[in-house]
Each structure stands twice: as C-alpha cells, then as structure tokens.
Amino acid sequence: MNCRKILVVEDSELLHRMYDLVFGRYRNRGTKIVHAMNGLDGLNLLPQHPDTDLIVLDINMPGMGGLEFLDRVKQEPTFKHIPVIIVTTEGKEEQTLRGLRAGARGYLTKPFEPRDLHDLIDKLFPRDLIPLDAGSERRGLRE
Amino acid sequence: MPYEEFLADFLLESRERLDRLEDILLALGETAPERRRSALDEACRELHTLKGNSGMMGFKDLQGLAHSMEDTVHALDAKAPQVGPLLEGLDEFRRLLGLRSAPAPPSREADGAVAPAAEESFQGSVRVAFSALDGLMDHLAEMVIFRNRLADTVQRACSQGAQRQGWEEVQLAQEVLGKTLGLIQEGVMRLRVVPLRSLFGRMKRIAHDEAVKEGKGVRFEATGGETPMDKALLEVASAALGHIVRNAVVHGIEPPEVRLSRGKSKTGRIKLTASLLSNEVSVEVVDDGAGIDRRALEREATERGIDCSRIDDLNSLVFHPGFSTRKNADMSAGRGMGLSSALEAVRRICGHVEVSSEPGMGTLFRLRLPLSVSIVRALLVRADGEEYALPVSAVVESRKLQPGDGHVVNGAGVLPWRDDLVPLLDLGYASRTSRGRRESGYVIIIEADGKHRGLVADGITGLREIVVKKLDPILGSWEGLSGSTILGDGRAVLILDPKGLTSVPPFVAGTA
C-alpha cells in the first residue's frame, strides 16, 4: 500500500490547518490531504476519492458525528477496508472505546503533538508512510 | 508550543464559537422545551471543540474553563435552564482570549513567519488592524485639507487674471487630484465598514442580563444585520443602543404580572431593526412596554424648573441629563446620566435620535447615523464677517431674503415657506456677533429631527468637503456648534450643529 490520500473529517477550521502542518512530512512524499467538515461531508467526498488510504476522524461534530460516519463507512464494501484513526478529546474515553469496537484502527486524544500522530501512523503502517530521511520533517513543518 | 503560528486562527475561531454559544444560551428560554436538549447538545459540542482546540494550543486555563463549562451544561435542567453562570464563564473565556491577543514575541525561525496578533474580533473577512485604517484616514483627511487649499489658490490665481498656460495645467491637475482623492476616500471608507450584525450579540446580551436583574421576561429580535456601518461609528452606536435597549427593558417592559393584567403576553418584546437609507443608517428599537409616562415627565420637568410650554415634544425630555422618572436609581438604567451622555456622543458625530411613544403600547427610539464619520460636505455661510460650515445633509433649500419677506409672530421672526411658517434664526444674533436680526441677505432652510428653521446669514460662500474636528471642551460649548474645521486657506471655521440650531429659541430682542 502506498498512501495516496488522507481524508481528514473534522469540523474545526483550526484543526484542519494543524493537520496540514502535521501531515507536511507525508505531503512531501506525494500524499494528498482531503478535508471534510463533518461526517456527511466525508461520506459525500469518499466516492470522489477512491484512492483514500487513511481516514483521520474527529468524533465530536455537528450534523453527522464521527461515530455515525464510522458505522456508515464500515457498511460500504468499497470503503470498509480503509483504516480509520479516531480523534477524541480528554474526558470522552467511552467514545474512544465505541469507535474502536466499531472498527477504528487507532485513536488519538487531544491535545496531541505532531509526533504523537506520526508515531501512531508509523506504528499502524510500518513501511509505507515513514519518510526516507528524518530531516524532511523540519522542512515539512515550515511549509 | 508546536502550533504557535495558529494563534490568530485559534482566536478567530474561538470567538466565533463563543458567539454561537452565546446565541444558543440566550435563545434557550424561547426554545421549545422538546428542542432544548438538542440545543444544549450543540452548546456542549461547541464547548468540547473549544476545549480540544485550547488544549492543542497548549492553553491549559482555557482548556480547564471549557471543561468546567461543559460540565455545567451537562448539569443544566432542560426544564428551567439557568444560563447565568455559563454566560459569566463565556465572558471569562473572552477575557482570557483577549489576553492572548497581545503581539506574539518575534519568532526565531529564519523565515520570520510570526503569527499575526489578532486584533479586535472582526466578523467577516476584514483582518486589518483598525488602527492602521484610522491612521490612513487621518492622512487622507490632511490631504483633503491641502487639496482644498490648492484649489483655493488656483482659483484665486485664475480670477486675478493669471491666464498663462501653466495655470491651466495646474487647474487640470488639481481637479484630477480631487477626483482621485475622492475615490481613495470612498475606498478607505468602504474598508472601514463592518456589518451591524456584530453589534446584535451585545444588545441581545444586555437585554437578557437586564431582564434577569429586573425579573422580567423579554424576547429580543434583531433584523438588518447586513447593514453596513463605519467601525468607528459602530462604537458610538453601540454605546447609545446599549443604553436604549437597557432603558427599554428597565423602563419600557412591564413586570410579567402587570403585563398580564393589561392583557399583554407575559414576555415583552424588543425589536431592533437596522436599515440603510440613501445617506444614513437608521436603527430602530421598538418595545411593546408601557410607553413613556408623559405626565410623570412633565411633573419632573416642572420640579426642575424646565418650562414645558416651550418644548414641542415632551418625549424629548428623556434625553435631558439626569432625567429619570424612576424614583430609585440603581446600577443600570435609572441614573438618567447614561442615556443623555450616549446620545450626546451620537450628536457629536452628526447623528440624531428620535423618540415616539404610545402610552400602554410601547416606545420607539430611532437612531439615525451618517454613513461615514470624519468628512462631510458642508455649505460655507457668512454672518458679520464670520464664516461657518453647515452640514449639507441638513440643508433643505436656500434663497435670497428681501426686506419684508418675513414678519414677526409672537416675538419670533418667521418666513412663509411651503404653505407653512418657518421660524427664522439670525446666525449673527444667535452667535452674539450682532444685536438684532437682519432684514436681508440669505435664508437657508435647515431641518433636524423634523423641525425646520430658516437660518439668516449675509451670504453663502461655498460648498466644501470638510474634515470634522471636535471642539476642545475648554472652549465651553454652545448647542449650535458641533466642531471646527480648517479650510483650504488655513482658516479655522466653526461647524454649525443643525440639531442644536433648531432647539435655539428663535426669539429676538426688541421684537417681542
């Protein structure tokens, strides 16, 4: 698997910008980032981006929340294999558990630092997403 | 902090979320009980996101505050939600955000990408420091003054017979310069404009807080949020409207039991309507309360030695300093000072306030504000060798005055005008430069607050764009003046205040 696209489902503009920064190291290697503002938006975007290789999913969103989105994705034969990382905020551990039971591959708790997400992705996808040289991370950060 | 460069984004998004949260909380009382739960869920979601984002930014205090507010929302009783503590938390959150708005220390990164310090909470897409625009306006105002000076010089030179070709070119150049300046002026004015909506939240909050304090039920509605307004004027309007809304809750809306006994709904209504007229912005505040008690006003006026027979509109007494029909002054409305000083500020920027009231039905306050603040078109008028600037917005018409045109009624000079009699006010007499009224010259009909006056002067000397400068209070004040300006030739000229002029008694010594 080669990570072609990462779909970020998140309702905060600020977080989207932060993900852009955090994913800088992967973008340098050709990975594209697709942004969705809530679960419904994400479901609409998925068919347009069949080459999505990772979904980063916020749980707490207006309209369609993360858990419902996850359930719907897992019912779609075309998309149910896409690995999902759920992102929750401190104090919502029960949501994390529900997400993991629904088939999420990993979770992250806000606040997190860029390296927390990098470490998690490295753990989940050992060979594919790690940049060739560690130095590219700095460049990515200031991009 | 790994996400330092996002400070400005964080501040902006947080303020938007806080505004939404405030909206939800303030609307909760009017939300149907079965929909309250979902409104509260939404409030929780906003707080939860605020908490997460604050955490990401490394702001532990904000994170903690959002967390405890979230707990408070969870504990709210959907049947009778008490939002007071949450609103306080919201204010605290805003205050803490304000502390973070201080300019960030310079980044040590080589590319110098410093997070821009977020300025005041602008809605929409204007992200320029207001102070920068203000500075630009000041320079522009100076340019207008010097352009006027240039125009005067050129005109003088031409009239003195300087026919050489050089002057024609100077004339042409200054005309083009004038047009370009006009365009720049318009452009900068447009940059300073923000939608009035940014003020609605504050008004809604004032209505809510006062209603809670007074133990009254108030529903606040606002329309016309897209109405544009100069940011500087918005501040003045905000202060005045704040007082008017407060006044409407405290004095206008009756306590629930009184309303019920009068056959009204238990909850009072305050409606704010903003609209853009041709050359000004109108903001109306209507309440369905008790209306102004004219008899109480009259009583109080008599006690203070004010002669009510001289006042055409008794309602306007509410604008007098220290005037209040409420016996026990408290912290908010009831001191009578706030409203009059806020309205004074409105007048200073050439705005007007009107009030009309129907006993038992309610009161209407109408605020009329100019579109832009510091440059106005003015007619230059002369009396006894003194020149004055009169804002064109108040001028209805002007004409020559011949001896015998006017006559005297009840001691005041009047002029037949449009099937009516308009009181004449001699500019020289009113400003104490002459002892009697002149019989000939020019009469300029002005209008303010629906009242007309015929201003009598020796002549009309020009039409200019003038830059309004406030008068130093040390000079004392005369109600007929609103400020001063500097003309192209460097002379300082006083600016007349149409509203003040229409309230000057038109009586002339020796004619009564």
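The values are calculated or read from the model by the stated rules, or taken from the named source; none is laboratory data. A quick note: this is a predicted structure, and the numbers were derived from the prediction, not measured. Glycine also receives a Cβ, built like all others from the backbone with ideal geometry; neighbour counts cover every protein chain displayed. Side chains are part of the model used for accessible areas, which takes the heavy atoms of the whole protein and leaves out ligands, DNA and RNA. Shrake-Rupley method; radii C 1.70, N 1.55, O 1.52, S 1.80 Å.
Any residue in region B:265-283 that is charged (D, E, K, R), in contact (Cβ under 8 Å) with a residue 24 or more places away in the chain and in a helix (DSSP H, G or I)? For region B:265-283, residues charged (D, E, K, R), in contact (Cβ under 8 Å) with a residue 24 or more places away in the chain and in a helix (DSSP H, G or I): absent. Scoring B:Phe220 on the criteria (1) part of a helix (DSSP H, G or I); (2) touching a strand residue (DSSP E or B) at 6+ places or on another chain (Cβ under 6 Å) leaves a single failure, condition (1). Cβ-Cβ distances below 8 Å connect the following pairs, each with a first residue in region A:112-127 that is over 27 Å from B:Ser54 (Cβ atoms), a second residue that is modelled with pLDDT under 85, and a separation of six or more residues or different chains: A:Asp122/A:Leu129; A:Asp122/A:Ile130; A:Phe125/A:Met1; A:Phe125/A:Cys3. Hey, does region B:172-183 have a residue that's more than 21 Å from B:Ile24 (Cβ to Cβ), among the hydrophobic types (A, V, I, L, M, F, W, C) and in contact (Cβ under 8 Å) with a residue 12 or more places away in the chain? There is at least one residue in region B:172-183 that is more than 21 Å from B:Ile24 (Cβ to Cβ), among the hydrophobic types (A, V, I, L, M, F, W, C) and in contact (Cβ under 8 Å) with a residue 12 or more places away in the chain.
B:Glu88 meets the stated requirement of being modelled with pLDDT of 90 or more, surrounded by fewer than 13 Cβ atoms within 10 Å (Cβ to Cβ) and either within 14 Å of another protein chain (Cβ to nearest Cβ) or not in a loop (DSSP other than H, G, I, E, B) (or both).
Is region B:233-246 home to any residue that is surrounded by fewer than 17 Cβ atoms within 10 Å (Cβ to Cβ), in contact (Cβ under 8 Å) with a residue 60 or more places away in the chain, not assigned by TED's automatic domain parsing to the domain that holds B:Gly84 and not in a helix (DSSP H, G or I)? No - not one qualifying residue is present in region B:233-246. For first residues located in region A:70-92 and within 14 Å of chain B (Cβ to nearest Cβ) and at pLDDT 90 or above, partners that are in a loop (DSSP other than H, G, I, E, B) and open to solvent by less than 80 Å² (accessible area, probe 1.4 Å) and lie 6+ apart or on another chain with Cβ distances below 8 Å form the pairs A:Ile86/A:Ile59; A:Ile86/A:Ala104; A:Val87/A:Glu10; A:Val87/A:Ile59; A:Val87/A:Phe112.
Is it the case that region A:22-40 has a residue that's part of a helix (DSSP H, G or I), surrounded by fewer than 17 Cβ atoms within 10 Å (Cβ to Cβ), charged (D, E, K, R) and away from every other protein chain (no Cβ under 12 Å)? Yes, because at least one residue in region A:22-40 is part of a helix (DSSP H, G or I), surrounded by fewer than 17 Cβ atoms within 10 Å (Cβ to Cβ), charged (D, E, K, R) and away from every other protein chain (no Cβ under 12 Å).
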